[in-house]
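Following: one structure in structure tokens, then a few remarks.
The values are calculated or read from the model by the stated rules, or taken from the named source; none is laboratory data. A quick note: this is a predicted structure, and the numbers were derived from the prediction, not measured. Backbone-built Cβ (ideal geometry, glycine too); neighbour counts: all protein chains shown.
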Amino acid sequence: MPFKDEIVAAVDRLSNTLSATSRFLHLHPELAYEERESARHLTSLLKAHDFQVIEGVGGLPTAFVARAGVEHPSATVAFLAEYDALPSLGHACGHNLIATSSIGAALALQPFLQALGGRVLVVGCPAEERGGGKIALVKAGLFANVDAALLVHPSNRTEVFKSALAMRALRVEFFGKASHAAAAPHLGINALDAMVLAFTNLNALRQQLRDDARIHGIITDGGRAPNIIPDYAAARFCIRSLDLDYLRHLYGRVVACFKAAATAAGAAVTIHDEGEEYHPMRCNRALGTIFRTNLEALGERVEQTSEDQDLGSTDVGNVSQVVPTIHPTIALTDQPDVVCHSDAFAEAAGGLSGDRAMLLAAKALAMTAVDLFTDPTARRHIQEEFGHQCQPSA
Ligand SMILES: [Zn+2]
Ligand SMILES: [Zn+2]
């Protein structure tokens with residue numbers, strides 16, 4: 001298709017700009033909700049390419065939407081940009097590449113949108129790693145009238161379809177009473193004991209979980225000195241499952257573990273939700289198949305493994321519940337043991353292998369948008385599949 005060749009060539013012409021943008025983000029890693037420099041850099045680039053940009057959407061100062069295209073499009077395609085980094089590891093999830101590939105696709109398409117009759121959005125999505133910025137954007141209605149949402153995540157494998165676990169994060173605090181641990185232990189209430197019992201309760205619960213469920217946490221506060229009975233202990237946990245109903249059931253079981261632990265230790269307990277509920281991923285197969293064809297046409301080999309294995313959670317899952325969505329991955333290096341959230345992955349994401357994956361992703365994303373703009377049958381298949389999938393329970 002002639003448009004595709006021209007748009008792939010456009011990505012190549014933009015490669016210096018895109019690499020520089022990716023490297024800038026990589027050198028300025030910013031944590032969830034604090035991505036001010038990153039958002040500014042990305043929106044300036046979009047404005048310079050005649051995108052209409054609205055900053056601070058969905059009540060999130062570092063979120064944005066950039067638009068280009070015709071008034072009455074055949075399709076509106078949203079490319080999702082993530083740009084938050086990880087504490088102490090920097091861009092070890094490669095979100096600098098996600099932002100840049102999504103913007104690269106949009107910039108390459110921009111001059112052709114009149115001829116294609118399409119509209120492109122770049123949705124700047126803060127806080128994927130903690131909190132779930134896209135959930136606020138979904139609630140703000142930013143995906144209304146969008147026909148497809150796409151992004152490419154760097155990974156240790158190139159795959160098109162991958163589930164994601166629904167997740168709730170929470171923080172628990174136990175409150176006891178300090179006392180001299182040797183001279184007057186009988187006058188103390190040991191908040192750390194409550195925490196240890198909570199972990200023991202959860203370990204017992206873990207034996208009875210469904211295979212797809214996960215409960216994991218860390219103790220963030222376990223006392224001040226060994227000779228003081230700890231009057232305060234705190235921890236953070238994640239609860240996950242493929243199934244939203246089961247996740248909600250498990251949440252109740254986890255809360256019961258905390259309350260029982262507090263009762264046993266004589267401590268008080270408070271439980272706080274951290275961030276929003278992440279929903280499971282609903283991969284649109286019709287959309288993914290088009291993406292796969294384009295990716296393979298660019299010479300990339302797809303190694304699809306089981307969809308329900310090696311899963312994490314993402315707020316893209318919430319987007320996938322309201323609009324046909326794909327979240328494919330492209331191998332960042334040729335070493336399968338270089339996995340995300342590691343130093344080696346961070347290094348690769350800021351180097352030549354990151355540039356390669358990012359440019360490849362930008363091309364495949366842009367080519368997929370061309371198919372959506374020009375092929376009504378493909379659009380119908382995507383919509384029919386989305387309509388047939390059941391809605392989540394709330
Ligand atoms: Zn990550
Ligand atoms: Zn990530």
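A few comments on the model shown:
- Unmet requirement for Pro2, which otherwise passes all of (1) free of Cβ contacts under 8 Å to residues at least 12 places away in the same chain; (2) over 19 Å from the mean Cα position of the chain (by Cα); (3) farther than 19 Å from Val370 by Cβ: (3)
- Gly317 meets all of the listed conditions (1) touching a residue at least 40 places away in the same chain (Cβ under 8 Å); (2) within 16 Å of ligand 1 (Cβ to nearest atom); (3) more than 23 Å from Arg292 (Cβ to Cβ) but one, namely (3).
- Test: residue in the range 368-385 that is within 16 Å of ligand 1 (Cβ to nearest atom), on the phi < 0 side of the Ramachandran plot and not aromatic (Phe, Trp, Tyr): no
- The residue that is nearest to ligand 1 (Cβ to nearest atom), counting only those in the range 110-147 that are outside any loop (DSSP other than H, G, I, E, B) and of a type in the set (Lys, Arg), is Lys134.
- Looking only at residues in the range 129-146 that are within 16 Å of ligand 2 (Cβ to nearest atom), modelled with pLDDT of 95 or more and not β-branched (Val, Ile, Thr), the one that is surrounded by the most Cβ atoms within 10 Å (Cβ to Cβ) is Lys134.
- Which numbered condition Leu116 misses (of (1) within 16 Å of ligand 2 (Cβ to nearest atom); (2) over 18 Å from the mean Cα position of the chain (by Cα)): (1)
- Which numbered condition Ala361 fails, given (1) surrounded by fewer than 20 Cβ atoms within 10 Å (Cβ to Cβ); (2) under 19 Å from the mean Cα position of the chain (by Cα); (3) assigned to a helix (DSSP H, G or I): (1)
- Taking the listed residues Ser163, Ser179, the one that is in contact with a helix residue (DSSP H, G or I) (Cβ under 7 Å, 6 or more places away or on another chain), in contact (Cβ under 8 Å) with a residue 40 or more places away in the chain and among the hydroxyl-bearing types (Ser, Thr, Tyr) is Ser179, with no other qualifying.
- Given (1) among the aliphatic types (A, V, I, L, M); (2) surrounded by 15 or more Cβ atoms within 10 Å (Cβ to Cβ); (3) closer than 18 Å to Leu360 by Cα; (4) out of contact with any Ser or Thr (no Cβ under 9 Å at 6 or more places or on another chain), number of the condition Ala105 does not satisfy: (4)
- Any hit, the range 12-23, residues being within 17 Å of Glu129 (Cα to Cα) and surrounded by fewer than 17 Cβ atoms within 10 Å (Cβ to Cβ): no
- Exclusive hit being modelled with pLDDT of 95 or more, away from ligand 1 (no atom under 16 Å from the Cβ) and in the same structural domain as Leu45 (by TED's automatic domain parsing), set Leu89, Leu107: Leu107
- Breaking point among (1) among the aliphatic types (A, V, I, L, M); (2) over 22 Å from Arg23 (Cα atoms); (3) crowded, with 23+ Cβ neighbours inside 10 Å, for Ala85: (2)
- Qualifying positions in the range 214-250 - polar (S, T, N, Q) and in a strand (DSSP E or B): Thr220, Ser241
- Yes/no for Ser342 being away from ligand 1 (no atom under 16 Å from the Cβ) and either at pLDDT below 95 or among the polar types (S, T, N, Q) (or both): no
- Any hit, the range 385-394, residues being in contact with a helix residue (DSSP H, G or I) (Cβ under 9 Å, 6 or more places away or on another chain), of a type in the set (Ser, Thr, Tyr), surrounded by 20 or more Cβ atoms within 10 Å (Cβ to Cβ) and under 29 Å from Gly131 (Cα atoms): no
- Within the option set Thr100, Thr158, being buried (at least 24 other Cβ atoms within 10 Å of the Cβ), among the hydroxyl-bearing types (Ser, Thr, Tyr) and either modelled with pLDDT of 95 or more or within 12 Å of ligand 2 (Cβ to nearest atom) (or both) holds for one residue only, Thr100.
- Selection status of Leu372, modelled with pLDDT of 95 or more, within 18 Å of Ile98 (Cα to Cα) and in a helix (DSSP H, G or I): no
- Of the listed requirements (1) within 30 Å of Ile330 (Cα to Cα); (2) in contact (Cβ under 8 Å) with a residue 12 or more places away in the chain, Ala144 misses just one: (2).
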